[in-house]
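Working notes, beginning with the structure itself.
The values are calculated or read from the model by the stated rules, or taken from the named source; none is laboratory data. Everything numeric here is computed off the predicted structure, so don't read it as measured data. A quick note on method: Cβ atoms are made from the backbone with ideal geometry, for glycine too, and the neighbour counts reach across all protein chains shown.
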Amino acid sequence: MDLFDAWGTGPQGLPEVRPGAPLAVRMRPRTLEEVVGQRHLLEPGSPLRRLLAPVSGEPGPAAPSSVVLWGPPGTGKTTLAYLIALTSGRRFVELSAVTAGVKEVREVIEDARRRLATGEAETVLFVDEVHRFSKSQQDVLLPSVENRWLTLVAATTENPSFSVNAPLLSRSLLLTLHPLSDDDVRVLVARAIADARGFGGTVALTDEAADRLVRLAGADARKALSILEAAVGAVLEGRDVGPRPEDPAVIDVSTVERAIDVAAVHYDRAGDQHYDVASAFIKSMRGSDVDAALHYLARMIAAGEDPRFIARRIVIAAAEDVGMADPTALQTAVAAAQAVAFIGMPEARIILAEAVVHLATAPKSNASYLAIDAALADVRAGRTGPVPSDLRDSHYAGAERLGHGQGYRYAHDEPHGIATQQYLPDELQGTRYYHPGPRGLEREIGPRLERIRRILAGTDGDNKPHGGVHGPGETAPGPEA
C-alpha cells in the first residue's frame with residue numbers, strides 16, 4: 001500500500017489529509033527520505049531511527065519508550081511523530097496540551113493498555129505543546145512511560161528544563177531539533193511548487209521573491225508554506241488557470257509582501273526565547289554594541305514584553321556593567337524605570353531606547369559588582385572577626401566601661417578628611433575588594449583611592465593637605481580645618 005494512502009483514517013489513526021487541507025499539511029513528508037533537516041537525529045542506529053523502524057518483536061537495541069522533541073516552530077516535530085507511527089506500524093493518537101485534560105490522557109493510556117493485552121498494535125501518543133500541560137497532567141503520563149504501555153512523543157518549543165516536570169524528563173530521551181537552514185526552506189518551497197500535492201508547477205517564484213519568502217519564514221517550514229500558499233492565492237486571484245496552463249503564474253516580491261504584512265517575532269514571553277533574547281540584550285549593552293542592543297530591545301517590545309521587565313534589566317546592567325565608570329548611567333536607568341511606569345507604552349519605547357543608548361555607549365566597569373561578591377564570599381566563608389573596638393557603638397550605658405568607641409578619630413577633624421585608623425577586622429586587615437578599572441570616571445578614582453589607602457594605613461608620609469584625595473573639582477581644606 002502506498003504510504004500516502006495510509007496517511008488517512010485507517011487503523012493507525014493518522015489524521016486524514018483532505019484535498020483542501022492547508023499546504024503545510026498536504027506537503028508533510030510521507031517518508032523519511034522527504035524529511036528536510038535534522039540529519040543529526042537520523043543517523044543509522046540513532047534512537048530516533050530505532051523508533052522509526054517497524055515493530056518486529058525480534059531482539060535488538062530497544063527503542064526509547066518516551067522522547068521529547070524540543071525545537072523552534074516549523075522544524076518537523078509533528079512530522080517526526082507522524083512518521084514514527086506510520087513507518088513502525090504503531091497506532092497513532094494525538095492530543096493537544098491546549099485542549100486535553102487529565103481525563104483524556106487517562107482514556108488514551110487505558111486504551112493503550114487494553115490493546116497491548118489483546119495483542120493489538122502498540123500506541124504512539126503524540127502530545128503537542130507539552131509545556132502547556134499542568135504538573136498533574138504530566139504526572140499522569142509517568143506510569144505509562146515507565147511501564148512502556150505506550151510510546152510517548154512530546155513536542156515543545158520551550159526549554160524542557162523549564163517546562164517539563166523533572167520526573168517525566170528523566171524518563172524521556174530529549175532530542176533537540178535545529179532551526180532549518182535557508183537552503184532547507186528553499187527545498188521545501190520548491191517541492192511544494194512542483195509536487196502534485198502542492199501546486200503541480202502551476203506557479204513559479206522569481207529569485208528575489210524566493211529570497212524574500214525565505215527571510216520572512218525565519219527558518220519555520222510551516223510559515224514558509226503558509227506564505228507561499230497566500231502568495232499563490234494572491235497571484236491566481238481572478239485568473240482562470242486550468243490544470244495545464246501554458247505558462248505558470250509568476251510570483252514576484254510584491255506578491256509575497258502582499259501575502260504577509262510582517263514576519264512574526266520569534267519570542268515567547270513564557271519560555272526560553274524570553275531568556276535567550278533578554279540575555280542577548282544584556283550582553284549587547286555590556287559589549288557596547290548599541291545597534292544590537294536596540295535590535296533586541298525592539299524584539300522584546302514588538303513581542304509585547306512587559307516594559308517594566310525591560311527597565312529592571314537596564315537598571316541592573318547600569319550597576320553591574322557600567323558601575324562607577326559612569327555613575328550617571330544608573331541615574332538614567334532609574335529615571336527610565338520610573339518614567340516607563342508613569343508613561344506606559346507605546347511612548348515608553350523612546351525612554352527605554354534612550355537608557356539603552358546611554359548604557360551601551362558608556363565606559364564599562366564591573367569593579368563594584370566584583371567587589372561586593374568578593375566581600376560576600378569572605379563573609380560566607382566565615383572570614384569576619386570582631387569589629388574594632390574604636391568603631392563600636394558608644395551610645396549606650398556601659399559602652400564606655402567596655403572601651404567601645406575609645407580612640408575613634410572623627411574623619412572631618414583630620415586635615416585630609418581621612419582618619420588614619422583601622423576599619424576592617426584584624427582577620428581582614430589589608431584586604432582589597434574594590435579595584436577601579438582604567439575607563440571612565442574610575443580612571444580618576446584609581447589614583448585617588450591608592451592615596452586614600454596609604455593615608456588610612458599611615459604610610460603616606462605627608463601630613464599636609466593634598467588635593468589628590470578629593471573628588472574632581474574639589475580643593476583640600478587648609479590645616480586649620
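Screening A190 against (1) surrounded by fewer than 21 Cβ atoms within 10 Å (Cβ to Cβ); (2) not in a helix (DSSP H, G or I) leaves a single unmet condition, (2). Within the stretch 319-342, track down each residue that is under 16 Å from A362 (Cα atoms) and of a type in the set (V, I, T). Residues satisfying the conditions are V322, T328, T332, V334. Restricting to the stretch 422-459, what's the tally of residues that are over 50 Å from the mean Cα position of the chain (by Cα) and not hydroxyl-bearing (S, T, Y)? The total comes to 1.
So, T75, is that one free of Cβ contacts under 8 Å to residues at least 60 places away in the same chain and assigned to a loop (DSSP other than H, G, I, E, B) or not?
Here the answer is no, as T75 does not meet what is asked.
Residue count for the stretch 412-446 under the criterion of being surrounded by 12 or more Cβ atoms within 10 Å (Cβ to Cβ) and either farther than 20 Å from Y369 by Cα or hydrophobic (A, V, I, L, M, F, W, C) (or both): the result is 17. Selection of the stretch 212-237 for residues being touching a residue at least 60 places away in the same chain (Cβ under 8 Å) and of a type in the set (G, A, S) yields A217, A219, A221, A224, S226.
Listed here are the residues, each with its yes/no results for (1) within 16 Å of V36 (Cβ to Cβ); (2) surrounded by fewer than 21 Cβ atoms within 10 Å (Cβ to Cβ); (3) basic (K, R); (4) not assigned by TED's automatic domain parsing to the domain that holds V250.
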| residue | (1), (2), (3), (4) |
| --- | --- |
| E208 | no, yes, no, no |
| V214 | yes, no, no, no |
| G218 | yes, yes, no, no |
| L225 | yes, no, no, no |
| A231 | no, no, no, no |
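Take the residues in the stretch 144-185 that are more than 25 Å from G74 (Cα to Cα) and in contact with a helix residue (DSSP H, G or I) (Cβ under 8 Å, 6 or more places away or on another chain), then tell me which one is surrounded by the most Cβ atoms within 10 Å (Cβ to Cβ). By that ranking, first place goes to L150.
Of the set (1) crowded, with 21+ Cβ neighbours inside 10 Å; (2) outside the structural domain of A85 (by TED's automatic domain parsing); (3) not charged (D, E, K, R), all apply to T202 but (1). The set of residues in the stretch 124-149 being without any contact (Cβ under 8 Å) to a residue 60 or more places away in the chain and not in a helix (DSSP H, G or I) consists of V124, L125, F126, V127, D128, E129, F133, S134, N147, W149. Taking the residues in the stretch 273-288 that are polar (S, T, N, Q) and not in a loop (DSSP other than H, G, I, E, B) as candidates, determine which candidate is surrounded by the most Cβ atoms within 10 Å (Cβ to Cβ). Residue satisfying both the conditions and the ranking: S284. The requirement of being assigned to a helix (DSSP H, G or I), in the same structural domain as G287 (by TED's automatic domain parsing), touching a residue at least 60 places away in the same chain (Cβ under 8 Å) and of a type in the set (V, I, T) is fulfilled somewhere in the stretch 341-359, by at least one residue.
Would you check which residues across the stretch 312-355 are among the hydrophobic types (A, V, I, L, M, F, W, C) and in contact with a Gly (Cβ under 7 Å, 6 or more places away or on another chain) and list them?
Selection gives A325 alone.
Identify all residues within the stretch 108-123 that are assigned to a helix (DSSP H, G or I) and surrounded by fewer than 13 Cβ atoms within 10 Å (Cβ to Cβ); write none if there are none. Walk me through it before giving the result.
Taking the stretch 108-123 as the starting set, the residues that turn out to be assigned to a helix (DSSP H, G or I) are 108-117.
Passing the criteria: E110, R114, A117.
Checked against the criterion of being crowded, with 19+ Cβ neighbours inside 10 Å, in contact (Cβ under 8 Å) with a residue 60 or more places away in the chain, over 30 Å from D426 (Cβ atoms) and among the charged types (D, E, K, R), the candidates D326, D321 yield just one match: D326. Within the stretch 368-385, residues that are in a helix (DSSP H, G or I) sit with their Cβ atoms under 6 Å from residues that are small (G, A, S), at 6+ positions apart or across chains, in these pairs: S368/G323. Taking the criterion of being under 24 Å from T31 (Cβ atoms) and at pLDDT below 90, would at least one residue in the stretch 94-105 satisfy it? Yes: one or more hits.
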